[in-house]
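The structure's right below; bear with me while I get my questions together.
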Amino acid sequence: MIKRQFRVIAVSGFARTASLIVSCTSKFNSNIVLQYNGKSISLERSTKAILDLMSLGIMPGTCFTILADGSHERQAILIIERTLGKNHLAKAISPSKLTINQHHTQKRCCC
């Protein structure tokens with residue numbers, strides 16, 4: 001299992017971020033979950049997952065965690081991190097030094 005914490009850097013709502021996260025996770029054969037404020041949302045590709053993410057009320061400047069477990073966990077985390085960063089939506093708290101053959105350690109969110 002790999003765990004990565006992100007800080008929302010987008011100044012507007014979370015809809016585009018939610019949509020991109022769900023879109024990224026649909027490409028992988030892994031169980032991927034977003035945790036925020038004590039709640040967990042499974043990120044299977046569906047409208048329900050996007051709506052569930054939106055209902056969390058994630059705001060700019062706050063942190064959320066994505067956990068990936070399965071055969072594509074490393075690739076999933078890397079793609080999510082790159083996609084959110086490239087679109088200036090969220091930034092990994094401790095940027096990934098993860099490659100397909102490396103193990104991962106996670107620092108706690110500073111929020």
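Take the residues of segment 50-98 that are free of Cβ contacts under 8 Å to residues at least 40 places away in the same chain and under 12 Å from the mean Cα position of the chain (by Cα): which is farthest from residue 11 (Cα to Cα)?
Only one residue fits best here, namely 78.
Sort out which residues of segment 61-73 are in contact with a strand residue (DSSP E or B) (Cβ under 6 Å, 6 or more places away or on another chain) and closer than 13 Å to residue 1 by Cα, and write them in order of number.
Answer for segment 61-73, where residues must be in contact with a strand residue (DSSP E or B) (Cβ under 6 Å, 6 or more places away or on another chain) and closer than 13 Å to residue 1 by Cα: 65, 66, 67, 68, 69, 70, 72, 73.
Filter segment 1-49 down to residues that are hydroxyl-bearing (Ser, Thr, Tyr), in a strand (DSSP E or B), more than 12 Å from the chain's Cα centre (by Cα) and surrounded by fewer than 17 Cβ atoms within 10 Å (Cβ to Cβ), then give me how many there are.
Within segment 1-49, residues that are hydroxyl-bearing (Ser, Thr, Tyr), in a strand (DSSP E or B), more than 12 Å from the chain's Cα centre (by Cα) and surrounded by fewer than 17 Cβ atoms within 10 Å (Cβ to Cβ) number 0.
Is it fair to say residue 52 is assigned to a helix (DSSP H, G or I), surrounded by fewer than 20 Cβ atoms within 10 Å (Cβ to Cβ) and touching a strand residue (DSSP E or B) at 6+ places or on another chain (Cβ under 6 Å)?
yes
Still on this structure: Are any residues in segment 55-98 closer than 19 Å to residue 40 by Cβ, part of a loop (DSSP other than H, G, I, E, B) and of a type outside the set (A, V, I, L, M), and if so, which ones?
57, 62
Read-outs throughout are calculated quantities, based only on the coordinates presented, and are distinct from any laboratory measurement. In this text the structure is predicted, and so the values were computed from the model without any measurement. We place every Cβ from the backbone using ideal geometry, glycine too, and count neighbours over all the protein chains shown.
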